[in-house]
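Remarks on the structure that follows.
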Amino acid sequence: MTTLAERPAALADRISRLPRPAPRLSSVVSYGVIIAILGLGVWSFIGLDYSLKSLETTGANLTRFLSMATPMQWPGWDVTAEVQAGGEKVFVTTWVGFEPIWEMFLTIVITLALVIAGTALAAVLSIPVAYGAARNTTPNTAVMAVCRGIGVVARAIPDVVFVVVLAFLWFNSGTLPAIVAIGIHSVGMISKMFADAIEQIDEGPRLAIRSAGGTKAQQFWSGVVPQVLPAWVAVTLHRADINLRGTVILGVVGVVGIGYELDDALHGGPAGMRRVIPLVVIIIVLCVLFEIVSSLLRTRLLNVRPTGRSVGDTVARAIARRSTRAAEAAAASPVATQERHARIEAALHRPWDRARIGNTLWIWLGVAAVVGAFLYTAPDVTKMFAPAWNEIVDPTRDRAIWPPHFGSRDWSDVLAAVVTTIQIAFAATLMATIISAVVGPLSARNVAPNSGVRNLFRGIALVIRAIPDLVVAILFIIAAGIGPQAGALALGIGGVGLLAKLIGDSMEEVPNGPERALAAAGGTRAQVFFSSTVPMSVPALVSHLMYLLEQNIRSATLLGIVGAGGIGFLLLNALQGRHFDEVLAYVLVIIGMVVIVEAASILIRRALK
C-alpha cells in the first residue's frame, strides 16, 4: 500500500518519465537567428578593427569638428573671425538681412516640390506594377514574376544611380532626372505595398462585377480600387516621408535642394562648416513637420486613427482624441438616434456639413500640391523623347554601359567591399540590439518598475526616432572621420530609436497569464521577466532584428557613397568617373546582395509562423 508521503515522489517519477515534446521549429529558428546575428556582429566588430585607439581617434575628430562648426552661422547672419593682438581669434556675428533667409526658404520649397512630384509619379507608375504582382489580379504567373522582379530591382538600385545616369541621358533637362529617379526607386516599395493591399481585399464586389459581365478594367476600378484606396494613400504619404530624408543623399550628386546645401557646406572649408549644424537642424525640423502634416492628412482623408510609431502619428493621435470627444458629444444629439431608413436617406443626400467641406478641401489641396510641385520644378519633359545615348555609350570617350565589368578591380576587391558593407550592417545591428535590450524592456508597461522609468525610456526612444537617421549618419561620418567604423557607429545609434520601440511594444503585447501565474507563485520581477516575458516575445524580437538588419544593409550601401566605404564607395567612384559599365557591374552586385538578404528574411519569417 502506498503511503501519503510516497505519493509526491511517485508523481514526480511519473512526470520525469513523460516524453518531453520536441522544440518547435519557430523556437529553434528564433534562437538560431539571434545567435547568428550576435556572432556575426562580433565578427564584424573585429573585422572593422574597433579598438580603444579607434574610439580615441573618433573622439578627437568629433572635437575638431565641433571647434570648426562653432560658432554656428544661421541664415541671415554672417560670422567673421578677427585676430586680436595676442594672436587670439574672436568671432563676430553680424546681421546681413533677409535675403539669405528667403534663399533658404526657396531651397526648402524646391526640396519639397521634388519629393512631392517624385512620389506622385511613383504612385502612378506603381498601379500597373501592383496589378500584375498581386495574386488575385495578375493575368498569369509570368506577368506576376516580371512585376515582382521590377519591384525588387527598383528597391535594390539606389536612387543616386538613376539620377546620374538619367542626368547624362537627358542632359540639361533641369529637375527631370531627380523627379524620375525618385519615382523609379520608390516604385520598389510602393508597388509591393499596393499589391499587398490588393491581395487583402474582400473579393465579393469584384466577383459580383465579373458575374454581371464586367470587364477586367471595370472589376479593377470599381471592385478593387475603392477598397484599397485608403491603404494606397497611406503608403504614398509614408513614402513621401522617406523620400524627403533621401534627398540629403541626392545632394551629394548635385540634385538641388537642402541636401545640396549641406554637401556644399561640408566641403566649404571653415566658413562652410559653421553652416553645417544649422542646416542639419533645419532638415530635422523639416522632416518632423512633414511627418506631422503627413499623419494629419492620413487621419483626415482616411478617417482613421494612426497606429504608427512616428512622431507625426503620435501628434495625430493626440489631435484625434480631441476630435473623438467632440464626435461623442455630437453623437449624443437626437440626430444620431434617428431611424435606420432615415440614416440611409441622409447618407444618400449628404449635406455639405463642416466635415465634408473639410475633407473636400484637403483632397483638393493635395491635388493642388502635386500640380504645383510639377509646375514649380518645371522639368523639361521634351528631353525624354530625345535621349543623348552618346553620353553613356561612346567608345571614343571610353563610355559604355555594356558589357559590365569592374574596371581595374577584380572579384577579390569587390567581395572585400561587399564584406565591409555587410560588416557595417551587422555591427550596427549588434550595437543597436545591445542598447535596445536595456531601453526597450524598460519602456514596456509590464516590465518597467514604475511609470516614471517607463516614460523616461519611452522618451529616449522617441527622441532618437524623431531624428532622421540617415541625416545624422552622414553628419556623424563627416564629423567623426570617414570610414566604416563611423558608419557602423552612426547606424547603430540611429537604430536604437526604432528597435527599442519595437521591443517595448512586443513585450507589452505578450499574454499576461503566465506572468501573473509566476508572480502569484512568488516569483521575483527578474524571474517573471526571464521565464515568461522574454521567451514569449522572442519570435517578435527576431522579426524586428531581421527588419533592422535589412534596413541597415540598404543604409550601409548608401553611406558608402558619403565615405563609409564598402560597395557604395566603389559605386560612387564609378559614377564620378562616368564609367557606366562599372556602375552596372556594381549595381548587379548590390541587387544580388539585396535579393539574398530578402530571400533569407522571407524564409526566416515563414519559419517563425
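The values are calculated or read from the model by the stated rules, or taken from the named source; none is laboratory data. From a predicted model like this one, the values you see are computed outputs, not experimental measurements. Virtual Cβ from ideal backbone geometry, glycine too; neighbours counted across all protein chains shown. Just the protein is used for accessible areas: all its heavy atoms, side chains included, with ligands, DNA and RNA removed. Shrake-Rupley method; radii C 1.70, N 1.55, O 1.52, S 1.80 Å.
Laid out as a table, the results:
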quantity: Those residues of the range 378-393 which are surrounded by 12 or more Cβ atoms within 10 Å (Cβ to Cβ) and not in a helix (DSSP H, G or I), in sequence order; calculated: Pro379, Asp380, Pro387, Ala388, Ile392, Val393
quantity: Residues being open to solvent by 80 Å² or more (accessible area, probe 1.4 Å), aliphatic (A, V, I, L, M) and more than 15 Å from Ile567 (Cα to Cα) - total across the range 394-437; calculated: 1
quantity: Test for Leu250: is it open to solvent by 20 Å² or more (accessible area, probe 1.4 Å) and either assigned to a helix (DSSP H, G or I) or of a type in the set (A, V, I, L, M) (or both); calculated: no
quantity: Leu365 being in a helix (DSSP H, G or I), surrounded by fewer than 14 Cβ atoms within 10 Å (Cβ to Cβ) and modelled with pLDDT of 85 or more; calculated: yes
quantity: Close pairs (6 angstrom Cβ cut-off, 6 or more residues apart or separate chains): more than 14 Å from Ser506 (Cα to Cα) and open to solvent by 30 Å² or more (accessible area, probe 1.4 Å) in the range 439-459, assigned to a helix (DSSP H, G or I) and modelled with pLDDT of 85 or more anywhere; calculated: Val453/Leu442; Phe457/Val439; Phe457/Leu442
quantity: Any hit, the range 109-121, residues being over 20 Å from Gly259 (Cα atoms) and either within 28 Å of the chain's Cα centre (by Cα) or open to solvent by less than 80 Å² (accessible area, probe 1.4 Å) (or both); calculated: yes
quantity: Count of residues meeting criterion [open to solvent by less than 30 Å² (accessible area, probe 1.4 Å), closer than 19 Å to Ala585 by Cα, assigned to a helix (DSSP H, G or I) and of a type outside the set (Val, Ile, Thr)] in the range 150-167; calculated: 4
quantity: Selection status of Ala500, within 22 Å of the chain's Cα centre (by Cα) and either open to solvent by less than 10 Å² (accessible area, probe 1.4 Å) or at pLDDT below 85 (or both); calculated: yes
quantity: Pair list, Cβ under 6 Å, 6 or more apart: the range 72-85 residue over 13 Å from Gly97 (Cα atoms) and part of a strand (DSSP E or B), other residue modelled with pLDDT under 90 and of a type in the set (Phe, Trp, Tyr); calculated: Val79/Phe91; Ala81/Phe91
quantity: The listed residue being of a type outside the set (D, E, K, R), open to solvent by 40 Å² or more (accessible area, probe 1.4 Å) and either modelled with pLDDT of 90 or more or assigned to a helix (DSSP H, G or I) (or both), out of Pro226, Pro177; calculated: Pro226
